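S.K.: One structure, as structure tokens, below. Some questions next.
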Amino acid sequence: MAQPSHLRAPHAATGAEFGADVDPFAPAAIEHLARRYGSPLLILDLERVRAQYRRLAAALPGVKLHYALKPLPHPAVVAALRDAGASFDLATNGEVALVRRLGVAPSRCIHTHPIKRERDIRTALDFGVTRFVVDNPDELRKFAPYAGRVEVLVRVSFRSPQAVVDLSRKFGCAPDAVPALLELAARLGVRVAGLSFHVGSQAGAPDKHVEAVEACAALFEAAAQHGQALEILDIGGGFPVEYRDTCTSIEAFCAPIAAALARLGPGIEVFAEPGRFIAAPSGVVVAAVMGRARRDGRWWYYLDDGLYGSFSGQMFDHARYPLDALVSSSGPKYPSVLAGPTCDSIDVIDEDIDLPLLDVGDLIVGRQMGAYTWASASEFNFFPRATVLALDRGRLVEDEWP
Ligand SMILES: *Cc1c(COP(=O)(O)O)cnc(C)c1O
């Protein structure tokens, strides 16, 4: 299957951009890259990808981390995580094609979309993925023809109204529906390996994860009493990162979850599906001022990236990214407006941000912008999506995969 064009790196890379010890997110490095490659840019730092993976792995000892591709399905990120030993959470045929092209072992992948077409199941099976997620009887029946070749996790829903993005509304069965699904699976001969949940993205506190682990522990016990030994618990994603508001460290966030997991019975393998925590801090967006205008006593700056591009996460993901101007001036700051490039009036990034006086060509940098940004960007009005530059210890990673 051909990759969508945006997954192809736009540049033939030429090697080192700067020294291996230079932080690609430092102002001088960003300026260098913008001068050389233009704007808008999404700069990815593979060292940060690996560091986030290792940090979460340390905070959740013994948990097998499956990177959820959805927030940032970039080949360089997937390859870095593949080499770091990660497993992968796939949900679509495009994601299957990507990990397949990168030579990821299918045994390291699970397919977690609760609703699948027949051809989605066959595409994943053809690659070699054998673990799937279901949350209702109709989906379970779709696996009857593959009984003996597949196993499923039953996704349970725990509502999470305080999460910024509550994913438990759209997917997952009520905890009290689990026994009937286990019974149906037994009748169909489809093996149920365990349970999964996803409490929602950018969780504000670990309480929902802890409650869900405890509720699943009770479901495991009930299943065991009916002679069905479940052995996998998948605790999903939701691990938060810091945007404009401070948030708890990942170590503090995970400690009570790890404690709840430690109370599970022996012989239960635990998975997690982090996306944002790995992707968000690994990317910065660089946009340039295309033009400016003085309106109602304020400077409006029109950037070459906006809500229809990398800042789409402000709409879909409700994120507010830390933004700053990349100018050395220590002069005064003025309340300003940052707008995107399209002719649509909703395409305004920030209505009230203090910035120094900017000129055409000056750069604005958005931090924590690796997750749910470029992935959901469009080319509305024919403004191209940001060029992605994946940096690994000073080198631009070439997309060597055709
Ligand atoms: C999107 C998604 C994830 C990743 O969630 P984050 O909050 O970004 O970590 C994990 N699992 C499933 C099933 C998802 O849909």
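The values are calculated or read from the model by the stated rules, or taken from the named source; none is laboratory data. Here the structure is a predicted model, which is why all the values come from computation and not from measurement. All Cβ positions, glycine included, derive from the backbone under ideal geometry; neighbour counts span all protein chains shown. Note: accessible area is taken over every heavy atom of the protein model, side chains too, but ligands, DNA and RNA are not part of it. Shrake-Rupley method; radii C 1.70, N 1.55, O 1.52, S 1.80 Å.
S.K.: Within region 16-29, identify whether any single residue is open to solvent by 20 Å² or more (accessible area, probe 1.4 Å), under 21 Å from the mean Cα position of the chain (by Cα) and more than 17 Å from A386 (Cβ to Cβ), and answer yes or no.
M.R.: no
S.K.: Taking region 362-402 as the region of interest, how many residues are open to solvent by 30 Å² or more (accessible area, probe 1.4 Å) and touching a strand residue (DSSP E or B) at 6+ places or on another chain (Cβ under 6 Å)? Lay out the reasoning, then the answer.
M.R.: First, pick out the residues of region 362-402 that are open to solvent by 30 Å² or more (accessible area, probe 1.4 Å): 362, 367-368, 372, 375-376, 378-385, 387, 392-393, 395, 397-402.
Subset that is touching a strand residue (DSSP E or B) at 6+ places or on another chain (Cβ under 6 Å): 362, 367, 387, 395, 397.
Residues that pass the stated criteria total 5.
S.K.: How many residues are more than 23 Å from P27 (Cα to Cα) and either modelled with pLDDT under 95 or surrounded by fewer than 13 Cβ atoms within 10 Å (Cβ to Cβ) (or both) if we restrict to region 265-291?
M.R.: Result for region 265-291: 3.
S.K.: Quick check on this structure: which one of V134, V164, V150 is modelled with pLDDT of 95 or more and either within 16 Å of the ligand (Cβ to nearest atom) or of a type in the set (F, W, Y) (or both)?
M.R.: Numbers: V164 fails: modelled with pLDDT of 95 or more; V150 fails: either within 16 Å of the ligand (Cβ to nearest atom) or of a type in the set (F, W, Y) (or both).
Checking each option against the conditions leaves just V134.
S.K.: In region 311-350, what count of residues is obtained for those that are assigned to a strand (DSSP E or B) and either more than 27 Å from the chain's Cα centre (by Cα) or at positive phi (or both)?
M.R.: Our first condition is that a residue be assigned to a strand (DSSP E or B); within region 311-350, this holds for 323-325, 334-339, 348-350.
Applying the additional criterion that residues be either more than 27 Å from the chain's Cα centre (by Cα) or at positive phi (or both) yields 334-337.
Total satisfying the criteria: 4.
S.K.: A further question follows. From the list V134, V150, V104, which residue is β-branched (V, I, T) and over 19 Å from A68 (Cβ atoms)?
M.R.: Details: V134 fails: over 19 Å from A68 (Cβ atoms); V104 fails: over 19 Å from A68 (Cβ atoms).
From the options V134, V150, V104, the qualifying one is V150.
S.K.: Determine whether region 54-61 contains at least one residue that is modelled with pLDDT of 95 or more, assigned to a strand (DSSP E or B) and open to solvent by less than 30 Å² (accessible area, probe 1.4 Å).
M.R.: First pass over region 54-61, keeping only residues modelled with pLDDT of 95 or more: 54-61.
When the remaining residues are screened for being assigned to a strand (DSSP E or B), the result is none.
The answer is no, given that none of the residues of region 54-61 is modelled with pLDDT of 95 or more, assigned to a strand (DSSP E or B) and open to solvent by less than 30 Å² (accessible area, probe 1.4 Å).
S.K.: Looking only at region 64-83, filter to residues that are within 13 Å of the ligand (Cβ to nearest atom) and part of a loop (DSSP other than H, G, I, E, B); which one of those is farthest from F239 (Cα to Cα)?
M.R.: Applying the filter and picking the extreme gives P73.
S.K.: Something else: List pairs: first residue in region 180-196 and surrounded by fewer than 15 Cβ atoms within 10 Å (Cβ to Cβ), second residue not β-branched (V, I, T) anywhere in the structure, Cβ distance under 6 angstrom, at least six positions apart or on different chains.
M.R.: From residues that are surrounded by fewer than 15 Cβ atoms within 10 Å (Cβ to Cβ), the pairs are G189/A147.
S.K.: Can you list the helices (runs of 4 or more DSSP H) lying wholly within region 199-306 that have 1 or more residues being within 30 Å of V365 (Cβ to Cβ) and more than 16 Å from the ligand (Cβ to nearest atom)? Break it down stepwise before answering.
M.R.: Details: elements: 207-225, 250-262, 276-279.
Counting at least 1 such residues, we get 250-262.
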